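To start, the structure itself, in C-alpha cells.
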Amino acid sequence: MSADVDALINRMKSASSPLRDILIELHEKHRNDTSGEVATYIPELARADPNWFGICIATIDGQIFEFGDSRQQFTIQSVSKPFMYGLALEDHGPNYVLSKVGVEPSGDTFNAIVLDEKSNRPFNPMVNAGAIATADMIKGNSQIERTRRMMEMFGRYFGRPVNIDTSVFMSERSTGHRNRAIAYLMLNAGMIAGPVDETLELYFNQCSVLVAARDLAVMGATLANKGLNPITQERAIDDKYIKYLMSIMYTCGMYDYAGEWAYRVGIPAKSGVGGGICAVVPGRLGIGVYSPLLDAKGNSVRGVKFCNEFAERFGLHVFDPHAGNDLLGELMRGGRKGSKQAS
Ligand code: DON
C-alpha cells in the first residue's frame with residue numbers, strides 16, 4: 001500500500017466524530033477487562049494477544065467509524081456460518097436447505113454430537129453439525145471450485161480479496177476429529193452427500209478465513225443494506241434470502257447464550273471462537289467487534305459487553321418500542337453529542 005493511502009487511512013482513523021467518540025468511550029471502559037480466556041484448542045488461536053480489542057461500525061450509506069485494533073486480522077471461525085447458509089440458500093432455495101438443516105435453537109454447545117431424532121437433521125446451521133451439512137450443500141464441480149465459490153462470496157461481503165490462514169486451517173484439519181465424527185454421523189443418516197473429506201476441507205477452510213473487525217462491520221452493513229455492500233455497491237447475496245439468514249442469527253447466533261442475547265441486546269449477530277462478533281441493525285448498520293478473550297460459552301467478553309451497551313444506549317433492540325428515537329441517526333450525521341438514553 002502506498003504511503004499516500006496509508007496517510008489517508010490514518011487521517012480517517014483519527015478523524016473525530018460524535019459516534020466515534022462513543023466507540024472510544026466504550027473501548028476505554030472495557031479495554032482493561034481481562035476476564036475470559038483465549039481459545040486454546042489449537043496453538044494458533046492460543047497465541048492471540050488478550051489485549052487486542054477492535055470495534056467498528058459501518059453504516060448502510062458507507063460510513064465507517066472504527067477504533068482500537070479494528071484492522072487486526074484473525075480467523076472468522078463460526079462467524080462464517082450464516083454467510084455460508086446464505087450461499088446454500090442461493091444454491092438450492094429454502095425448501096431443500098430446510099430438508100437438510102433445521103432452524104430450531106438447540107440450547108446445546110456448538111460442537112454437540114446430536115441430530116434431531118425424528119428428522120435426523122442438525123438443529124440449525126449455527127451448530128457445527130448444521131454448518132457442516134450447510135458446507136456439504138455448496139455447489140461446485142471440484143473441491144477447488146467449491147472453495148473458490150466460498151472465497152468469492154466472502155470477498156463480496158468484505159469488498160476485498162479473501163485470504164485463508166493456512167496454519168489455522170492445517171491445525172483445524174489435523175485436530176478436527178469431533179467434526180469428522182459429526183460428518184460421518186450425518187453421512188450415515190443420509191443427511192449429507194459427501195465426499196465427507198471434501199466437505200470437511202471446505203468447512204475447515206471457511207473457519208480459517210482471515211477477517212478484521214472492520215470487515216465484520218461491513219459484512220453486517222451489507223446484510224443491513226439489502227445485500228449490497230455499502231462500500232463497493234456489489235451484491236453479496238440475493239435479497240430474498242436475507243430474512244432467513246438474519247432470523248437464524250437472531251435465534252441461534254450466539255451459541256447457547258443466543259436466548260439471553262436476543263433478550264438483552266436484541267439484534268441478529270454471530271460470534272466465533274476467534275473472538276469476532278458480527279451484528280446487524282436491520283436497515284441501518286453493521287457492528288464488528290474483535291477481542292479474543294472468550295467467556296465460558298465461547299463469546300468474546302468485551303464484544304458482548306460492547307454490543308450490549310451500544311445497543312442499549314441507542315435503543316437498537318428490534319423490539320424496543322422507543323427505538324424510533326433517532327439519536328443514532330443524528331450522531332451518524334455528525335450532530336449532537338450522545339447522551340445516555342433514559343431507560
Ligand atoms: O469447528 C470447530 O471446531 C471450530 N473451527 C468452530 C469455530 C467456532 O467458532 C465455534 N462455533 N460455533
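The values are calculated or read from the model by the stated rules, or taken from the named source; none is laboratory data. Note that the structure is a prediction, hence the values are computed from the model and not measured. Here the Cβ positions follow ideal geometry from the backbone for every residue, glycine too, while neighbour counts run over all protein chains shown. Only protein heavy atoms, including side chains, enter the accessible area calculation; ligands, DNA and RNA are left aside. Shrake-Rupley method; radii C 1.70, N 1.55, O 1.52, S 1.80 Å.
The table for this structure:
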quantity: Residues of region 170-189 satisfying the condition of being within 14 Å of the ligand (Cβ to nearest atom), over 20 Å from Thr147 (Cβ atoms) and either of a type in the set (Gly, Ala, Ser) or assigned to a loop (DSSP other than H, G, I, E, B) (or both); calculated: Ala181
quantity: Residue that is farthest from the ligand (Cβ to nearest atom), among those in region 40-64 that are closer than 18 Å to Val211 by Cβ and open to solvent by 10 Å² or more (accessible area, probe 1.4 Å); calculated: Ile64
quantity: Entirely in region 230-329, the helices (runs of 4 or more DSSP H) that have 1 or more residues that are within 21 Å of Arg156 (Cβ to Cβ); calculated: 242-252
quantity: Verdict on Asn120 being assigned to a loop (DSSP other than H, G, I, E, B) and in contact with a helix residue (DSSP H, G or I) (Cβ under 6 Å, 6 or more places away or on another chain); calculated: no
quantity: Any chance Val103 is closer than 18 Å to Met246 by Cα, open to solvent by 10 Å² or more (accessible area, probe 1.4 Å), of a type outside the set (D, E, K, R) and in contact (Cβ under 8 Å) with a residue 12 or more places away in the chain; calculated: yes
quantity: Subset of region 130-152 (residues that are crowded, with 21+ Cβ neighbours inside 10 Å and closer than 28 Å to Leu285 by Cβ); calculated: Gly130, Ala131, Thr134, Met150
quantity: Scope region 193-224; condition in contact (Cβ under 8 Å) with a residue 12 or more places away in the chain, open to solvent by 10 Å² or more (accessible area, probe 1.4 Å) and not in a helix (DSSP H, G or I); matching residues; calculated: Ala193, Gly194, Leu210
quantity: Failed item, numbered, when Asn163 is tested on (1) at pLDDT below 95; (2) over 21 Å from Pro122 (Cβ atoms); (3) not hydrophobic (A, V, I, L, M, F, W, C); calculated: (1)
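Yes/no per residue for (1) more than 12 Å from the ligand (Cβ to nearest atom); (2) in the same structural domain as Val101 (by TED's automatic domain parsing); (3) at pLDDT 95 or above:
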| residue | (1), (2), (3) |
| --- | --- |
| Asp116 | yes, yes, no |
| Asn128 | no, yes, no |
| Thr134 | yes, yes, yes |
| Thr147 | yes, yes, yes |
| Met151 | yes, yes, yes |
| Val168 | no, yes, yes |
| Met191 | yes, yes, no |
| Glu201 | yes, yes, yes |
| Ala217 | yes, no, yes |
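Every residue, every condition in (1) of a type outside the set (A, V, I, L, M, F, W, C); (2) surrounded by 18 or more Cβ atoms within 10 Å (Cβ to Cβ); (3) more than 16 Å from the ligand (Cβ to nearest atom), yes or no:
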position: Glu260; (1), (2), (3): yes, no, yes
position: Gly276; (1), (2), (3): yes, yes, no
position: Ile287; (1), (2), (3): no, yes, yes
position: Val301; (1), (2), (3): no, yes, no
position: Asn308; (1), (2), (3): yes, no, yes
